[in-house]
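Trainee: First the structure, then my questions, so here it is.
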Amino acid sequence: MYLDYFGLKEAPFRITPNTDYWYAGGQRGEILAALLYAIAHGEGIIKVVGEVGSGKTMLCRKLAAQLPDTIDSIYLGNPSLDPDDMLAAILADLGESPTTGRQARLAQLNAALLARHEAGRRVVVFVEEAQGIALDNLEFLRLLTNLETATDKLLQIVLFGQPELDTQLANPRIRQLRDRITLSLYLSPLNESEVADYLRARLAVAGYRGPDLFPAALITRLTHLSAGLSRRINVLADKTLLAAYAAQTHTLTPAHLDAAAGDAEIPQTRRAAPRRLSKRCRAWLSAGVAALGLLGWAAWQARPQPSATVPAVAAIPRPALPDAAGVLDEARRTRQWLAAAAPGTHVIQIAAAKDAAQAAVLLAGLDPATPRPVRVLYGRSRGAPAWMILAGEFPDRDAATTALRGLPATTPGVEALRSAPFLRTVRKMRAVALPTG
């Protein structure tokens, strides 16, 4: 209705996830790169969590569209499917006519996957609305990842779900599935500056070439009303343009936005405070990180805690993404701390990386229970130059040992080092420290 009035060739704020309107800001681009790399090179199960309307389906479709030609993708969007129906759906997507019976279908799937593997192809299954899948069915999905050759997994699974998925995965009944998750990412709400960029980007794709339609004050209000969720942003922006068109003005005002919010019945929610996201980022994520830029580092961003809330305003800071340059700066700060710290001070070495890019990925995957502060030391570890991830600062060995025993059961460092975390002292670290340049 308002397209010609605002000089648009199409509606810019449809809620249908059209990948032409993909927005790489708000760390979506980094998350997409991490997913592409993990699928191409990794094993295990990947988990992507985001609030309702945060853009999970858009991300899923963009991911499927950008997979290499050698990777076949399968989409499961119905959380109510039982194992037999899951098998039937997967087989159908692979071009197979499902047989009757679960065991027969499993054998059929294994044969189909082996044939693709021999042809140099891989298969990934995207599971949407995973928070609605029954525990037993989630466990069945894990069992599908047991299909493998002597060297390779035949099937990879990516779970997309709302935060309730984390509650599901915390159930001890499916702890084996939780342990198979090798990369865990979170789609955080957009902050105020990102909302402004998001609006401009969608309008540009739709053909708009004029000055900014949404003034700063309106964006602040829209960020609050939408809680930074892209679907709500789309609904509110669309109806705001419609309200301005009805008033025959090109100047969007808070009155137009309030009318839009009332018409859309958008609740005036409050955004959740950031919480640290982490799951094991396996060592394979480090290879090729430099070539793919910020690959794998989206997990460093904040996630909302279930119980805490703050207003949805631009003042909510997002921690800087760790990158190779950031790791180098951190190593320099560690050297300064090392020079001044008491020689008997203890820390826990939880990981070591061959290069700064790999260290950035390890930092991205730190468990929130890891003792703080976290530091990076460049020096010799087990005789070779390495970027060491250090956690905590303890006055004596007893305090450090207590913290060591309380570490999470699994950490990125354990997998990267293939050994348990261990204690180091400032005195000995000074002896192995190397200049960072």
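Trainee: Using a cut-off of 30 Å between alpha-carbon atoms, which lysines can reach Lys354, once sequence neighbours fewer than 8 places away in the same chain are excluded?
Mentor: Qualifying lysines at Cα under 30 Å: Lys47, Lys153, Lys279, Lys428.
Trainee: Next question. Could you tell me which GluC sites (Glu not before Pro) in region 125-177 are loop residues by DSSP with no more than 14 other beta carbons within 10 angstrom of their beta carbon?
Mentor: Of the GluC sites (Glu not before Pro), not one in the loops of region 125-177 has a Cβ with at most 14 other Cβ atoms within 10 Å.
Trainee: Based only on other Cβ atoms within 10 Å, what is the fewest-to-most ordering of Arg209, Arg121?
Mentor: Least crowded to most crowded, the residues run Arg209, Arg121.
Trainee: Using a 10 Å cut-off around each Cβ, can you sort Phe13, Phe160 from fewest to most neighbouring Cβ atoms?
Mentor: Final ranking by Cβ density, sparse to dense: Phe13, Phe160.
Trainee: List the lysines whose alpha-carbon lies under 29 Å from that of Lys9, not counting same-chain residues fewer than 8 positions away?
Mentor: By straight Cα distance, Lys9 reaches Lys56, Lys62, Lys239.
Trainee: Under a 5 Å amide H to amide H cut-off, with H placed in plane at 1.01 Å, what residues pair with Val123 once short-range neighbours are removed?
Mentor: HN-HN under 5 Å from Val123: Asp72, Gln156.
Trainee: Using a Debye calculation, one point per C-alpha and no hydration shell, please list log10 I(q)/I(0) for region 324-432 at q = 0.10, 0.24 Å⁻¹ in order.
Mentor: Once normalised to I(0) and log-transformed, intensities are -0.24, -1.52.
Trainee: Taking amide H positions as placed 1.01 Å from N in the peptide plane, with prolines and chain starts having none, which residues 5 or more places from Ser381, or on another chain, fall under 5 Å of its amide H?
Mentor: Correct list: Ala386.
Trainee: Using alpha carbon centroids, what distance separates region 356-377 and region 102-145, in Å?
Mentor: Result: 33 Å between the Cα centres.
Trainee: Still on this model: So what is the relative contact order of region 324-432, in percent, for Cα pairs below 8 Å that sit 6 or more residues apart?
Mentor: This gives 39 percent for region 324-432.
Trainee: Okay, moving on. Treating only the Cβ atoms of Lys and Arg (+1) and Asp and Glu (-1) as charged, compute the dipole magnitude of region 22-141 about its Cα centre; round to the nearest 20 debye.
Mentor: 340
Trainee: Right, next: Kindly identify region 323-372 as rounded, prolate or oblate by the Cα gyration tensor criterion: order the square roots of the eigenvalues as a ≥ b ≥ c, call it rounded if a/c is under 1.5, otherwise compare a/b with b/c, prolate if a/b is larger, else oblate.
Mentor: It comes out oblate by the Cα gyration axes.
Trainee: Using the per-residue mean of other Cβ atoms lying within 10 Å as a proxy for protection, in what order, highest first, do the peptides 251-258, 215-222 fall?
Mentor: Per-residue mean Cβ counts within 10 Å order the peptides as 215-222, 251-258.
Trainee: Using a ≥ b ≥ c from the Cα gyration tensor of region 28-187 (square roots of the eigenvalues), is it rounded, prolate or oblate, where a/c under 1.5 gives rounded and otherwise the larger of a/b and b/c decides, a/b for prolate?
Mentor: oblate
Trainee: Taking the Cβ of each residue in Leu154, Leu366 as the centre, tally the other Cβ atoms inside 10 Å and list the residues starting with the fewest.
Mentor: Leu154, Leu366
Trainee: So, one more: Of all GluC sites (Glu not before Pro) in region 1-73, which ones are in loop regions per DSSP and have a Cβ with at most 13 other Cβ atoms within 10 Å?
Mentor: Listed in order of number, the matching sites are Glu10.
Readers should treat all values here as calculations from the given coordinates under stated rules, not as data from a laboratory. Here the structure is a predicted model, which means the values were calculated and not measured. Glycine also receives a Cβ, built like all others from the backbone with ideal geometry; neighbour counts cover every protein chain displayed.
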